[in-house]
Amino acid sequence: MSFAYHAYEAVHMMVSPARAMSDAMHLAFKNPANPLTYTPFGRSVAASCELFERTTRRYGKPAFGLAETTVGGVRVAVEERVVWQRPFCNLVYFDRQIGQRRKPQPKVLMVAPMSGHYATLLRGTVEAFLPDHEVYITDWVDARLVPMAAGRFDLDDYIDYVIAMLQKLGPDTHVMAVCQPSVPVLAAIARMEAEGDPNAPRSMTLMGGPIDTRRSPTAVNDLAMERGTDWFRRNCITRVPFPHLGAFREVYPGFLQLSGFMAMNFDRHLTAHYDMYKHLVAGDGDSAEKHRDFYDEYLAVMDLTAEFYLETVDKVFVQHALPKGELMHRDKPVDLTAVRRVALMTVEGEKDDISGVGQTKAAHDLCVNIPDDLRAEYLQMGVGHYGVFNGSRFRSEIAPRISDFMLTLDMKAASERRNESAATARKALKVAG
């Protein structure tokens, strides 16, 4: 696999002349001055050219594009700000321009998956929480853009990053881990609890995550067990070619991950593209635009460092180190029995073909010392993996439950603070009397 990236770049370069010719034809047959533009033949040619361009394009990182939201029935502007930065991650805060006088709302750290797609995959997740929450998200950096001088990035580093971000945001934070980060987030919180870190979050919500992949194993889990870590090292790791900033860094390239995603549901993707062709020919612009929006996000992928990818495959999917109690972080054990103060909510999808039903819920069985009143679990019927954190059922059924879980915990914490203040005041009066 040492030359896979070079071959990918070469093919993309060789297709460039055909893309240029296709673009020219597309412009010609979309030109209002061309009489053929309004004929079935012209629309067919334009549609074919657009599909060719889209299927051979290299998709860049999409924008969140969340310029405004509604707070208390009022439309307000939203400004993205980077509030914490490391070579492999930026912590982005969605600052709602609503002034200083406002009722405190739950502070949420969304840990986006580092599994091939950008954090913008959670655009809908962020959008659903913006009206009633202070939202932060981990914006992971494409490994091919990180110079070798920045050093390695492995699973230990990922856990360190999560701990550092939680320490910055403070103990009133609610952390949401979507899919892949469920394991490192749970590990980070276990380490913080074991060390008595006062900045451990108020709650963690794990969504469609591979906590214990021995439960309801999916095709993804079976593949990892069947092939083993060495197979992935031999067949999936390559070096970033020059002139990218991360040249010579060993990575698991995004285009390989995308190939795997596409192969899992190839018929569905093929049908979707054929449907788009028919929509374009028929002049159904709205349906075609929905297709563009989805695939602009889905086809935009990033590279992962080889060490992070291989450690994740080995420790999470092959060794099952976390549920077995064997996971280590910087030579210290990740002891889930240490988690006592942080509330836990798990969310799963009935039709999830990435993280099977029960894999995320396993966290409840492992974190035995969390009190029952600090636990919640939810199984959303009728949704797959993507539907756990996005889509209509997420907005109408899942997000409100998560929000209520967080708000209840915040109200409980506020009540406890008032009681402590009252008790302190009574004690002071008693001493003074």
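The values are calculated or read from the model by the stated rules, or taken from the named source; none is laboratory data. Quick caveat, the model's predicted, so the values are computed rather than measured. Using ideal geometry, Cβ is built from the backbone for each residue, glycine included, and neighbour counts are taken over all protein chains shown. With ligands, DNA and RNA removed, areas are computed over all heavy atoms of the protein, side chains included. Shrake-Rupley method; radii C 1.70, N 1.55, O 1.52, S 1.80 Å.
Relative to the dominant Cα principal axis of the chain, helix 254-264 is inclined by about 80°. Taking the three principal axes of the alpha carbon atoms in the stretch 271-369, the coordinate ranges are 60, 30, 22 Å, sorted in descending order. Taking a point 7 Å out from the Cα of A247 in the direction of its Cβ, the residues of the stretch 286-330 whose backbone N falls within less than 19 Å of it are 303. For the chain, the fraction of 1.4 Å probe accessible surface lying on carbon and sulfur atoms is 57 percent. For the stretch 260-337, relative contact order (Cα pairs under 8 Å, six or more residues apart, normalised by length) works out to 12 percent. For the stretch 104-196, just say rounded, prolate or oblate: build the C-alpha gyration tensor, square-root its eigenvalues into a ≥ b ≥ c, call rounded for a/c under 1.5, and beyond that prolate if a/b exceeds b/c, oblate if not. Taking the square roots of the gyration eigenvalues as a ≥ b ≥ c, the stretch 104-196 is oblate. What the Cα convex hull of the stretch 27-169 gives, in volume per residue, is 177 Å³. Using every pair of distinct Cα positions in the stretch 125-255, the Kirkwood expression returns a hydrodynamic radius of 17.2 angstrom. Think of the chain as a dipole: +1 on every Lys or Arg Cβ, -1 on every Asp or Glu Cβ, centred on the Cα centre; then among L223, A18, F153, F153 lies furthest on the positive end.
Round to the nearest 0.05 the FRET efficiency obtained for D331 and N199 when R0 = 25 Å and r is the Cβ-Cβ distance.
Working from the Cβ atoms, E equals 0.70.
Between helix 182-194 and the chain, what is the angle of the helix's C-alpha long axis to the longest principal axis, kept within 0 to 90° and rounded to the nearest 10? Tilt relative to the chain: about 20 degrees. For the chain, the longest principal axis of the C-alpha atoms and the axis of helix 399-432 are separated by about 20°. By a straight-distance test (C-alpha under 18 Å), which aspartates and glutamates pair with K30 as possible cross-link partners, with residues fewer than eight away in the same chain excluded? The qualifying aspartates and glutamates are E50, E53, D284, D286, E289. Evaluated with a Cβ-only charge set (Lys, Arg +1; Asp, Glu -1), the chain carries a dipole of roughly 900 debye about its Cα centre, given to the nearest 20.
In sequence order, the stretch 312-329 has phi-based couplings of 5, 4, 5, 7, 8, 9, 9, 7, 6, 5, 5, x, 7, x, 10, 6, 10, 10 Hz under the Karplus curve 6.51 cos²θ - 1.76 cosθ + 1.60, θ = phi - 60°, and Gly or Pro positions carry x. Pull out the extension gain between A63 and L145, defined as 0.36 nm times the separation in residues minus the alpha carbon to alpha carbon distance; nm, one decimal. Difference between extended and current length: 27.8 nm. Extension gain, S396 to V15: 0.36 nm times the residue separation minus the Cα-Cα distance gives 132.8 nm. Ranking M176, A128, A164 by Cα position along the charge dipole of the stretch 127-201, where only Lys, Arg, Asp and Glu carry charges on their C-beta atoms, puts A164 farthest toward the positive end. Computed over neighbours whose Cβ is under 10 Å from that of E53, the net charge equals +1, Lys and Arg +1, Asp and Glu -1. Pairs from the table (K103/K168; K61/K290; K168/K351; K168/K361) lying more than 25 angstrom apart at Cα are K168/K351; K168/K361. Ordering 171-177, 280-286, 207-213 by mean Cβ neighbour count within 10 Å, with the highest value first, yields 207-213, 171-177, 280-286.
What is the stretch 1-107 by shape, rounded, prolate or oblate, if you read a ≥ b ≥ c off the alpha carbon gyration tensor as root eigenvalues and call it rounded for a/c under 1.5, prolate for a/b larger than b/c, and oblate otherwise? The shape class here is oblate. Take the Cβ atoms of M381 and S216, set R0 to 25 Å, and the FRET efficiency comes out at 0.95.
Using only the Cα atoms of the stretch 224-338, what semi-axes does the equivalent ellipsoid have when each is the square root of 5 times a gyration tensor eigenvalue? Give whole Å, largest first.
The three semi-axes for the stretch 224-338 are 37, 19, 14 Å.
With a Förster radius of 51 Å applied to the beta-carbon distance between H269 and T408, the computed FRET efficiency rounds to 0.80. The distance between label points at Q97 and T55 comes to 4.4 nm (points 7 Å beyond Cα on the Cα→Cβ vector).
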